[in-house]
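The values are calculated or read from the model by the stated rules, or taken from the named source; none is laboratory data. Every value quoted in this text rests on a predicted model; they were computed, and no experiment measured them. Cβ sites come from the backbone with ideal geometry, for glycine too, and all protein chains shown count toward neighbours. These area figures cover heavy atoms from the full protein model, side chains too; ligands, DNA and RNA do not enter into them. Shrake-Rupley method; radii C 1.70, N 1.55, O 1.52, S 1.80 Å.
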Amino acid sequence: MDVKRYSPAITSSATLKKKGILFFSLTIFLTLIIFSGVIYTLNSKAGKDSAAPLVQETYLILGCPFLLLLGTLLVGMIYYQRNIIKPLAKINYGITRMTEGNLDKPLHIERGDEIGEVGVRINDLAMNLQEVLLYLWNHTQQSSRQLDRIAALINQLPDSSRIQQDVQHLYLDNEELQTMVQSFRFFEVKLEQEKMISGSTMDNPDDK
Amino acid sequence: MSKTILIVDDSSMMRKMIAKLLHPPEHIVVGEAKNGLEAIDMYKSLRPDIVTMDITMREMDGLEAAKEILKFDSSAHIVFLSNLNEEKYRVEVEEIGALGFANKHKAKEIIDIINRQ
């Protein structure tokens with residue numbers, strides 16, 4: 001059964017992509033309009049003399065910077081797509097996986113700029129979260145063993161039903177904590193029965 | 001006499017925890033590295049008395065890094081720390097020639113191994 005999840009209407013890289021395309025398209029369009037306007041004005045003023053060398057030279061002097069500007073805008077658009085939108089989409093995908101409990105694959109953002117730094121920090125956060133969870137797992141294992149010993153002692157006491165109930169609650173709390181930890185997938189660590197063993201879980205077909 | 005220590009672990013939180021365990025005057029943490037590659041570079045520049053090395057790390061794991069460090073300096077003292085309950089690592093650790101192996105969630109084990117040196 002598909003589980004529906006609430007998705008916010010904003011903050012996706014697709015929206016940023018659309019904004020970027022809109023910006024560059026408008027700028028290119030305005031540049032073309034201005035260039036066309038200037039050519040039209042020159043033509044009107046030159047009248048029949050549009051083939052005159054001075055007029056042609058003027059077209060050349062004006063045309064080159066406009067073409068250069070158009071070229072720069074096109075390059076800018078491609079650069080924006082490759083260097084901002086694409087890595088942000090990658091980060092978004094990676095974080096989404098992590099929020100769903102998949103800590104097994106670190107983000108691979110190999111850049112030296114601020115976006116690369118964000119990727120590194122996100123990986124650091126994921127590793128810290130993994131350590132906390134594995135620490136919790138380890139301690140719930142120890143708590144289980146201690147509870148076993150306490151339960152054995154309590155069973156020997158007369159009228160110990162209340163304490164037995166408390167111990168049962170502690171067992172349940174322990175199990176709930178273990179269930180929470182087990183809902184995560186870890187980087188190079190698997191939880192099997194009561195042990196932590198090395199290994200990555202590579203069996204998810206959704207993994208890229 | 002104080003021992004200088006290089007802590008290697010990909011979790012910044014774990015590096016902080018280990019640093020907290022090891023305090024002056026007996027131990028002085030001289031550096032922290034977050035993967036095997038950084039560990040090798042930092043070892044070469046800092047030459048610590050002891051390296052605490054996590055096993056599972058990104059880019060280069062602790063076992064590879066330890067082999068490289070020991071190639072560079074065969075007298076390096078490396079203590080492996082891990083979450084894992086596997087005995088197989090103990091064998092590999094002994095083959096590499098490390099100082100010891102401890103569970104990173106058991107503070108006393110770590111300090112005992114370091115203090116034994």
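Data overview
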item: Whole-number percent relative contact order across segment A:71-160, with pairs defined as alpha carbons under 8 Å at least 6 apart; result: 18 percent
item: Student exercise, segment A:65-208 dipole from Lys, Arg, Asp, Glu Cβ charges, in Debye to nearest 20; result: 480 debye
item: Measure of compaction for segment B:1-76 (Cα Rg per 2.2 N^0.38 Å); result: 1.01
item: nm² value of the averaged projected area, convex hull over the Cα atoms of segment B:59-117; result: 4.2 nm²
item: Shape parameters for segment A:136-187, alpha-carbon atoms, Rg then Dmax in Å; result: 13.3, 48
item: Viscosity 0.890 mPa s, temperature 25 °C, Stokes-Einstein D of segment A:59-117 from Kirkwood C-alpha radius, µm²/s; result: 174 µm²/s
item: Of the GluC sites (Glu not before Pro) in segment A:101-189, those whose Cβ has at most 10 other Cβ within 10 Å and which sit in DSSP loop; result: A:110
item: Local electrostatic count at residue B:75 - Lys and Arg +1, Asp and Glu -1, tallied over other residues with Cβ under 15 Å; result: +2
item: Rounded to whole Å, sorted largest first: equivalent-ellipsoid semi-axes of segment A:69-208, Cα gyration tensor; result: 49, 13, 11
item: Sum of side-chain charges, residue B:97 neighbourhood, beta-carbon under 15 Å (Lys, Arg +1; Asp, Glu -1); result: -3
item: Cα-Cα P(r), segment A:88-136, percent of pairs per 10 Å interval; result: 28, 54, 17, 2
item: Histogram of C-alpha separations across the protein assembly as shown, 20 Å bin width, %; result: 23, 38, 23, 12, 4, 1
item: Residue order for A:161, B:12 - accessible surface, 1.4 angstrom probe, largest first; result: A:161, B:12
item: The protein assembly as shown - percent of accessible surface contributed by carbon and sulfur, probe 1.4 Å; result: 59 percent
item: Separation of alpha-carbon centers, segment B:47-117 and segment A:58-122, rounded to whole Å; result: 40 Å
item: Estimated Rh, segment A:24-125: Kirkwood, alpha-carbon pairs, angstrom; result: 17.5 Å
item: Probe 1.4 Å, all protein chains present, accessible-area order of A:129, A:73, largest first; result: A:129, A:73
item: Amide H partners (placed H, <5 Å) of residue A:198, local residues excluded; result: A:190
